[in-house]
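I have placed the structure first, in the form of structure tokens, so that the comments after it can refer back to it.
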Amino acid sequence: MFVSPPFPNISPKPLSVVSTPIQIAPFRTLHAIHATLYAAATKQPNQAYGDEDLDLPYDITRNARTRGQFKPKHANKGTSSYQLRQFAEATLGSGSLKKVVKLPEGEDLSEWLAVNVVDFYNQINLLYGSITEFCSPQSCPEMKATDEFEYLWQDSENFKRPTKMPAPEYIEHLMAWVQSNIDNESMFPSRIGVPFPKTFPVLIRQIFKRLYRVYAHIYCHHYPVIVQLGLEPHLNTSFKHYVLFVDEHSLASGKDFWGPLGDLVDSMLRSD
């Protein structure tokens, strides 16, 4: 029976909660709702979620995912730590994150999944960008969580067979693949009223599954660096947010989905 490796100092800590009701203006779309709820759950300003442009003239023909979203293909090592500190300085432990992951009443599930996958992509981009100098082909010659969980890259264009590669190369391919799907109008339509394709549920599950592997690699191989950089609260909160979202919308394909972080995931689900 596989036992998840111990992680230093990641026991749940209290998370400050904004007690005043959140007022959502009628014109604000899903991204605005999500940004506001996340800010309340983590006591952070909405700007952390690329929400600073909500008072600009609003194009009602486009949905929230195309307005002011931050989707860096390559995180800037010089600014990642600063961005992360601005992005969130929250800790684990509050049930308020449950509100963040629920589908708002009357909203479309596919659109909600799309909005959130963009946000998780951005969070992971920032997190991994903060430790790229510590993750090299020399230090991480394989894309692994623990030795029992090695991930091989495969796509429909350049790597049609599962291919072993260093972690930085794997993650670069993964993030580029996610970016290309998000930018694909046929898969992630940006015009309001254009339906999502029938294949969207399969794709969104695959994206969430692959993004999880970056969390797993960071926790298993770079956690001490995250702690040293003072980014532990953000990693823990970001991952807990991800866990609750996946659990709420049944995006995990069974308990084996969590693999090396299973014990940590169980702890997060129990604490909420």
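Every read-out reported here was derived from the displayed coordinates using simple, explicitly stated rules and does not represent laboratory data. Every value quoted in this text rests on a predicted model; they were computed, and no experiment measured them. A quick note on method: Cβ atoms are made from the backbone with ideal geometry, for glycine too, and the neighbour counts reach across all protein chains shown.
Quick notes on this one:
- Each listed q (0.12, 0.17, 0.23 Å⁻¹) maps to a log10 I(q)/I(0) for segment 159-245, found by the Debye formula over equal Cα scatterers with no solvent: -0.50, -0.89, -1.20.
- Distance violations [Cα-Cα > 29 Å] among Lys160/Lys209; Lys99/Lys209; Lys98/Lys164; Lys102/Lys144; Lys144/Lys240: Lys98/Lys164; Lys102/Lys144
- Once the C-beta distance of Phe149 and Ser110 is scaled by a Förster radius of 22 Å, the resulting FRET efficiency is 0.15 to the nearest 0.05.
- Sparsely packed GluC sites (Glu not before Pro) within segment 167-202, loop by DSSP, other Cβ within 10 Å at most 14: Glu185
- Residue exposure sequence - His234, His249 - by fewest surrounding Cβ within 10 Å: His249, His234
- Spin-label model distance (nm) - Asn184 vs Arg270, 7 Å beyond Cα toward Cβ: 4.0
- Residues with amide H under 5 Å from that of Cys135, placed H, sequence gap 5 or more: none
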